[in-house]
Amino acid sequence: MQKSVRYNEGHALYLSVVARKEGTKRGYLSKKTTENSRWAEKYFALYQNVLFYFENDQSARPSGIYLLEGCTCERAPASKVSAISKDAIEKQQYYFMVNFGHDGQKPLEMRTEDELDCNEWVGGIQQASYSGIIIERDILMQKYIHLVQIMETEKVAANQLRTQLEDQDTEIERLKAEITVLNKAKERMQPHQNNQDEEDPDIKKIKMVQSFMRGWLCRRKWKIIVQDYICSPHAESMRKRNHIVFNMVEAETEYVHQLSILVNCFLRPLRMAASSKKPPIRHDDVSSIFLNSETIMFLHEIFHQGLKARIANWPTLVLADLFDILLPMLNIYQEFVRNHQYSLQVLANCKQNRDFDKLLKQYESNAACEGRMLETFLTYPMLQIPRYIRTLHELLAHTPHEHVERKSLEFAKSKLEELSKMIHDEVSDTENIRKNLAIERMIVEGCDILLDTSQTFIRQGSLIHLPSSSERGVLSKVRLGSLSLRKEGERQCFLFTKHFLICTRTSGGKLHLLKQGGMLSLIECTLIEELDATDEDCESSQGFNHLEFKIVVEPPDGQSFSIVLLAPSRQEKAAWTSDISQCIDNIRCNGLMTSVFEENSKVSVPHMIKSDARLHKDDVDICFSKTLNSCKVPQIRYASVERLLERLTDLRFLSIDFLNTFLHTYRIFTTATVVIDKLADIYKKPFTSIPVRSLELFFATNQGVWGTDPLNNKSPRLCRKFSSPPPLSIPSRTASPVHCRKLSLNSPISVKTGALDLSTTRSSSAANSPTSSHSPSIASPPPATSEPGDTSPCRSPSTPRHLRYRQSGGETSRCSMSPASAFAIATAAAGHSSSQGFNNSEKACDKEFIIRRAATNRVLNVLRHWVSKHSQDFEMNSELKVGVISLLEEVLRDPDLLPQERKATTNILSALSQEEQDDAQLGMEDILQMAESPKSECFESLSAIELAEQITLLDHIVFRSIPYEEFLGQGFMKLDKTERTPYIMKTTQHFNDMSNLVASQIMTHTDVASRASSIEKWLAVADICRCLNNYNGVLEIIAALEGSAIYRLKKTWAKVCKQTKGLRDRLQKIVSSEGRFKNLRETLKNCNPPCVPYLGMYLTDLACIEEGTPNFTEEGLVNFSKMRMVRITLS
């Protein structure tokens, strides 16, 4: 169909004259005008695919021209306006409408008084539109493309056959030459044979017997050789190889069949539906859902034909050349996999249209679909490349090293693995972006910071926002301890690498940011884990068992304020505070290094990290991906265990996503003993954790700063604001505890001790020496007189409010420490208060002392994450617990330990030593025994709410009792799964026991009415479990009701009320397994923790990850990209 037509007036006049004389159809018609919607009678003439209309049959020039190519014409009902007009009463009018395919062109409405004339006009216009020819052209074009592809394949096969024929001709010529030589030799030996013909007959008999014996021995020998070969490992390997090839052909046949169903039963019908008059779906949505599906089908049809051709030449199976043809075109899978999640979202949005949903169900009811849904067919291409990799692995395992296509198959496998790695990297990179965008869409006001691609999601959950000291007079103490505080103060919190969001959730599921403190920049925050008794906010948080923590926010352009949050449990508080403190540490570390190294002011990666090639360049024992982690360092794709432990204990930075991934999955590639030994070694020998080049940068001094005031220095690096908390916090005479910035361990400090005085005198010669030692002194506490700190003359406007300088003798003091030394002290969590570790002024600039403090900080940081988030490791491994306690006790014996480090060490020891308080001391075995011997009278006496609460409590105890290591290694699918994953198996048993318990309790009733009442009660229990976020309990009850024992009770279900059946349908839709539990995943994403999910959904995800990706590479490196995917699934 033409998009535009070049108009020639002379040619148009000529055609109008021809149309009036020889037109296919001519006559008067009434045309509806577009200006005033009135009908005007015109003279129309149809010629080929052009429709002319004139004012009358005598007009020389046409009034208008319509190009009918690609249009549609159909009869139209009479309009309401014409139905009540006088003309319509006198004469019957027949209407028809011409719809043009051009964008923006309005349809042409016409009418006539004769029905036969109307039908003739409609038929003539339809014939002139050439619509059938256009459709036939599209079909022929598709066939042409298909035939061209087949022709290219046949050309390749013909070239191969031509090469084989040339080789055979050469072989024939060689054999002819050999025959000629043999014939000549035979002619020379002919006289000798004639003499032997005259031998004795007895000798001839003896020779015949000898010949027979030789033939018998030869046949026997060959039989033994063949039998030995049949039983040999090589023959067994070849049989397995052939079996793998045959299975591959069958799998490819099935896959091509699935793709043809996807294209023929869904894609092409939906394209036609999108082109209809009332389309249920747009063309853009069809393209988004089925991206590259048709191209993938054509590709695999060609590959399948090649496989069948190879099977026809069995037992000579050569497959490498087929993969050589397939590999360059497999990049289309990269776009398909990247678009897969988005395609499912588009499909889910389209299903909200009733017309589309009805049409899709009609397509899915096709017998070829065999009851499978569209989401199932869209998932098949996702598994194809891992299936090829697994097949090539098996094929190479049974292919000899001297085989002709061994190298080609290895090359194909390596290329497929590279493609799989690229897909995994892109999927993991886009998953975080999609998560951020999903949260941003939930916030009504919007959130621009989530549109930053470097913003990494850390965790989310529900916390209670306690009122501040200014709001204490509004809320009474009685209300603070009541349930109204939990209901009104509950907030949905989201932690990212750079920001912390606090929102309120509406009844519709939307989020609203708090007016004050809804979006906190972590660069301006200070975390206080334990509130002191002297804290002004401590009074409002009494009676909460130390579950609260405080965030002090000090914006550069506003007044500081604080937010007190209450966690539901000690474990939740430890997890939140651990992650928040790690994010603040990473931001400060990056900002400090940017401030210290002047030459890197315009580079995003700090100079210290950039100078170390081991952090971003591939090596024999490590390989990086293109994605950056939260510390702006490339993520690790593969690495040896030694390099992973080195990254864990690197004192310069620690990415929170790396730490979480390592602690979740270290059991796969190492042991807890190795990790704790590494931490102990880094604590005792801290200098081994930083390369030599980085140590030089770590202690580099800036010579240009010594001679001048740091605040008035001309260097733009020293005049600009810090991009993170300053390296040193020095409390002034007016400083309050709130203004003291916490360091990496985030423990509360006291300002009653003396401040660290940086004003020391130096000689002029020392100012020019980069190796001179400068030591801060400990000043005595200042008097209690207060001065307005904001008007201090020695505070520069460009200096953060945390940094105060003393005045001595009317001059601003000169800092005796370089920025790098200040960074080192900040990393070591020093500078807030005086301690016995700083009683010697020489230790402030001692390299060994600073590195020891930084190493202690790093060890305590890792141990705090480990103990707070993975306490089961220490409960199930007594040796690990004893080792950690001994290491912490050794840390406590350090005479140079800072107060913050001492308090953090004490907190970790107390967390290790406290006994775990289980709910009513129930264990897994007790719960399983309860399910085996239930008491029937309990169910009649308990209400639905009590039953739902008890089921939720039991499911929660069972779910949290599963240790992390049982999820790793796919042990739940092995033959010895009972020994390898006992808790997962017991959880499965508990699920089955609860389902059987529900079914048995319903069947104990003898009459129909009682059974119907019991079904209604259990459905009410399931709905309450949904409200309690116990979706495992919902699925237990729904599985019992869907079982054959209950589902077949037709009379009982007939007694169940309509509202209860509607509730059952809604619950079934939530926990349905279609689309990989799509609805359940969406529900879990929007619900407020805590919740009890369905375990089988995550086991399926882990099985898919384990099937397609190995734990180690062929070089023995740990596949850390896979570990990251496992961590995302488990977290």
Just to check I understand the Karplus step: with θ = phi - 60° and J = 6.51 cos²θ - 1.76 cosθ + 1.60, what whole-Hz values come out for segment 205-221, glycine and proline as x?
5, 4, 5, 5, 5, 4, 4, 4, 5, 4, x, 5, 5, 5, 5, 5, 5
What is the Cα centroid distance between segment 121-195 and segment 945-991, reported in whole angstrom?
62 Å
Hand me the GluC sites (Glu not before Pro) from segment 358-400 located in a DSSP loop with no more than 13 other Cβ atoms within 10 Å, in residue order please.
Glu370
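How much length is gained on full extension from Asp355 to Ser1000, taking 0.36 nm per residue of separation minus their Cα-Cα distance?
Numbers: separation 645, 0.36 × 645 = 232.20 nm, distance 4.14 nm.
Roughly 228.1 nm would be gained on extension.
For segment 1-79, which GluC sites (Glu not before Pro) are in a loop by DSSP, counting at most 15 other Cβ atoms within 10 Å?
Details: sites: Glu9, Glu22, Glu35, Glu41, Glu55, Glu69, Glu74; in loops: Glu35, Glu55, Glu69.
Counting only loop positions with at most 15 other Cβ atoms within 10 Å, the GluC sites (Glu not before Pro) in segment 1-79 are Glu35, Glu55.
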What FRET efficiency, computed as 1/(1 + (r/R0)^6) with R0 = 30 Å and r the Cβ-Cβ distance, is obtained for Asp894 and Gln914, rounded to the nearest 0.05?
0.80
Return the long-range amide H neighbours of Asn1030 (sequence gap of 5 or more, or a different chain), with a cut-off of under 5 Å between placed amide H atoms.
Val1092
Computed label-point distance, nm, for sites Leu327 and Lys1051 using a 7 Å Cα→Cβ extension:
6.9 nm
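Give the calculated FRET efficiency between Arg219 and Ala76 to the nearest 0.05, with a Förster radius of 51 Å applied to their Cβ-Cβ distance.
Details: r = 90 Å, r/R0 = 1.76.
Once the sixth-power term is evaluated, E becomes 0.05.
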May I ask you to list the residues of segment 252-276 whose amide nitrogen lies under 12 Å from a point 7 Å from Cα along the Cα→beta-carbon direction of Glu335?
none
For Glu1082, put the label point 7 Å out on the Cα→Cβ axis and report which residues of segment 317-349 keep their amide N under 20 Å from it.
339-349
Find how much the distance from Glu375 to Lys21 grows on full extension, using 0.36 nm per residue of separation minus their present alpha carbon separation; answer in nm with one decimal.
121.5 nm
Simple spin-label estimate for Glu1042 and Thr1100 in nanometres, 7 Å along Cα-Cβ
1.0 nm
Using Cα pairs closer than 8 Å and at least 6 residues apart in sequence, work out the relative contact order for segment 233-430, in percent.
29 percent
Hey, any idea what % of segment 943-1093's accessible area is carbon plus sulfur with a 1.4 Å probe?
55 percent
What is the set of long-range amide H partners of Thr24 at a cut-off below 5 Å, with H atoms built 1.01 Å from backbone N?
Leu46, Tyr47, Gln48
³J(HN,Hα) computed for each position of segment 234-246 - Karplus, 6.51 cos²θ - 1.76 cosθ + 1.60, integer Hz, glycine/proline x:
5, 5, 4, 5, 5, 5, 5, 5, 4, 5, 5, 5, 4
Residues with beta-carbon under 9 Å from that of Tyr53, excluding Tyr53: net charge, scoring Lys, Arg +1 and Asp, Glu -1?
+1
Gain on full stretching of the segment that runs from Ser560 to Glu115 - 0.36 nm per residue minus C-alpha separation
151.9 nm
So if we plug the beta-carbon distance of Arg387 and Thr33 into 1/(1 + (r/R0)^6) with R0 = 51 Å, what FRET efficiency do we get, rounded to 0.05?
0.20
Ignoring ligands, DNA and RNA, what accessible area per residue does segment 1005-1050 give at 1.4 Å, in Å²?
40 Å²
Once you list every other residue whose beta carbon is under 11 Å from the beta carbon of His546, what net charge do they have if Lys and Arg are +1 and Asp and Glu are -1?
-1
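What net charge is computed for the residues neighbouring Ala1022, neighbours being all others with C-beta under 15 Å from the C-beta of Ala1022, Lys and Arg scored +1, Asp and Glu -1? Before the final figure, lay out each step's value.
Values: positive: Lys1017, Arg1026, Lys1061, Arg1064, Arg1066, Lys1069; negative: Glu946, Glu949, Asp955, Glu1016, Asp1023, Glu1036, Glu1042, Asp1065.
Spelling it out: positives minus negatives among the neighbours equals -2.
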For segment 943-1093, averaging the sequence separation of alpha carbon pairs under 8 Å that lie six or more residues apart and dividing by its residue count, the contact order in percent is 27 percent
Residue-wise, which Karplus ³J(HN,Hα) couplings in Hz belong to segment 948-963, taking 6.51 cos²θ - 1.76 cosθ + 1.60, θ = phi - 60°, and x for glycine or proline?
5, 5, 5, 5, 5, 4, 5, 5, 5, 5, 5, 5, 7, 7, 6, x
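The values are calculated or read from the model by the stated rules, or taken from the named source; none is laboratory data. On a predicted model such as this, the values are computed, not experimentally measured, just so you know. Positions of Cβ are backbone-derived with ideal geometry, glycine not excepted, and every protein chain shown enters the neighbour counts. To get the accessible areas, we keep the full protein, side chains included, count just its heavy atoms, and leave off ligands, DNA and RNA. Shrake-Rupley method; radii C 1.70, N 1.55, O 1.52, S 1.80 Å.
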